[in-house]
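The values are calculated or read from the model by the stated rules, or taken from the named source; none is laboratory data. Predicted, not measured: the structure shown is a model, and the values here were computed from it. We place every Cβ from the backbone using ideal geometry, glycine too, and count neighbours over all the protein chains shown.
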Amino acid sequence: MQLLIRSAHIVDAASPFNGQVRDILVENGLIRQIGDAISVRDYDVNFTAANPALMNLEMDKMLSVNYASYLADTKIGSISYVRDLEFGHLVSFNARYMDYGSMPRTDENSIINGDFSAMDASVGIGYAYQFEDNWTIGVNGNFVTSKIDTYSSAAITANAGVTYYFDKSNETLALVFRNFGYQIKPYNGVRERLPFRVDLGYTKILDEFPAAITITAHDLQEPNISASSDINGQPTKLGRKILDHLSFGAELFPGQAFNLRVGYNVKRGGELAVLDQRSFTGLSAGISIKISSFRFDYSHMRYHNSSNVNMIGLTMDLIELGGNRR
């Protein structure tokens, strides 16, 4: 079972449930467009699932839905919504699912005995409080459930973050503690650790050019997240181990009706690359277009020469749809 989940996801988790929580709660195509960003403070409600402290007034009554055909024919979808309660208080709602489809049930002798299905889902609510104009703190809680054939599991997880926004210089600094919680129902009676991680992010909107740059340091709770050897079979060096904690992103025309986004995850780019082939593994890119009260998003993520992920998204401004001006 563990081998099955690893092959479907290509994750580095230590267990099936661990890997599924990482995928369903952490991996979001619209976030990956900008290098796994957690510090982009704008209208995009999709970022609040990873960092609830990014909630702000620009997100009030924004509703976003996303869909992708993920790895190994897995289908993934999400919905996010934010509401301003006034006086600095904001709340969010998010839900996600991953449908792995039908797979052959194969025993240890490679004999196929019919098919089975698997899927994961999560639903969560979040709260954020903005104070002193620059500071925002936030937390969200999620109920996660997973089903593999006749086996099922469930957990309660949470993310907590703090964001500081430098208004005069258009800079944002964010710290997030992600995926801490408890597995309330294990698959086989043995509870597994959730994929807890600590991320630190920085975003700067440039003054002299219509662009924003983002740097994210991820998985800071673990000094060494690298593979034991590099693509050439040599022991991974210290410099590479440091770089594997970093992701980079850039956005052209941030906050405008039309913008372009690109990101690069160093660890993914190094470990999933193919020797002597130009694969662009680890790169992600996206485009966003706003027409009237609707914003359309498309993102493309490069995992491997043999596998890519494409995600489409639609964000609706319910304030404008109601006939009011934002």
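Things to note:
- Verdict on GLU251 being acidic (Asp, Glu) and either surrounded by 15 or more Cβ atoms within 10 Å (Cβ to Cβ) or outside any loop (DSSP other than H, G, I, E, B) (or both): yes
- Candidates GLU192, GLU208: the one that is under 26 Å from LEU54 (Cβ atoms) and charged (D, E, K, R) is GLU208.
- Out of ILE215, ILE225, ILE231, ILE242, one residue alone is within 23 Å of ASN179 (Cβ to Cβ) and assigned to a loop (DSSP other than H, G, I, E, B). It is ILE225.
- In the stretch 118-153, the qualifying residues are those that are in contact with a Phe, Trp or Tyr (Cβ under 7 Å, 6 or more places away or on another chain), without any contact (Cβ under 8 Å) to a residue 40 or more places away in the chain and of a type outside the set (Phe, Trp, Tyr), and the one that is farthest from HIS89 (Cα to Cα) is ALA118.
- Scanning the stretch 48-62 for residues that are buried (at least 17 other Cβ atoms within 10 Å of the Cβ) and over 17 Å from PHE296 (Cβ atoms) turns up THR48, ALA49, ALA50, ASN51, PRO52, ALA53, LEU54, MET55, ASN56, MET59, ASP60, LYS61.
- Flag for SER284 being among the small types (Gly, Ala, Ser) and more than 21 Å from GLY201 (Cα to Cα): no
- Conditions (1) of a type in the set (A, V, I, L, M); (2) under 19 Å from ALA50 (Cβ atoms); (3) assigned to a loop (DSSP other than H, G, I, E, B): number failed by ALA273: (2)
- Qualifying residue in the stretch 75-85 (condition: in contact with a Leu (Cβ under 9 Å, 6 or more places away or on another chain), in a strand (DSSP E or B), more than 22 Å from SER284 (Cβ to Cβ) and of a type in the set (A, V, I, L, M, F, W, C)): yes
- Candidate set from the stretch 269-319 (those that are of a type in the set (D, E, K, R) and on the phi < 0 side of the Ramachandran plot); member that is surrounded by the fewest Cβ atoms within 10 Å (Cβ to Cβ): ARG278
- Residues considered: PHE258, PHE296, PHE209. Of these, the only one that is more than 21 Å from the chain's Cα centre (by Cα) and in contact (Cβ under 8 Å) with a residue 12 or more places away in the chain is PHE258.
For every residue, the table says whether it meets (1) among the small types (Gly, Ala, Ser); (2) modelled with pLDDT under 95; (3) touching a Ser or Thr at 6+ places or on another chain (Cβ under 6 Å).
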residue	(1), (2), (3)
ASP99	no, yes, no
ASN109	no, yes, no
THR136	no, no, yes
TYR151	no, yes, no
ILE156	no, no, no
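- Qualifying residue in the stretch 283-293 (condition: part of a helix (DSSP H, G or I), closer than 27 Å to LEU220 by Cα and either of a type outside the set (Lys, Arg) or in contact with a Cys (Cβ under 7 Å, 6 or more places away or on another chain) (or both)): no
- Counting only residues that are crowded, with 19+ Cβ neighbours inside 10 Å and farther than 30 Å from GLY255 by Cα, the stretch 188-208 holds 3 of them.
- Of residues in the stretch 163-184 being surrounded by 18 or more Cβ atoms within 10 Å (Cβ to Cβ) and over 17 Å from the mean Cα position of the chain (by Cα), the one farthest from SER78 (Cα to Cα): TYR165
- Here the condition is being closer than 24 Å to PHE177 by Cβ and surrounded by fewer than 20 Cβ atoms within 10 Å (Cβ to Cβ); of VAL65, VAL82, VAL139, it holds for VAL139 alone.
- Single match in GLY124, GLY77 (criterion: of a type outside the set (A, V, I, L, M, F, W, C) and surrounded by 20 or more Cβ atoms within 10 Å (Cβ to Cβ)): GLY124
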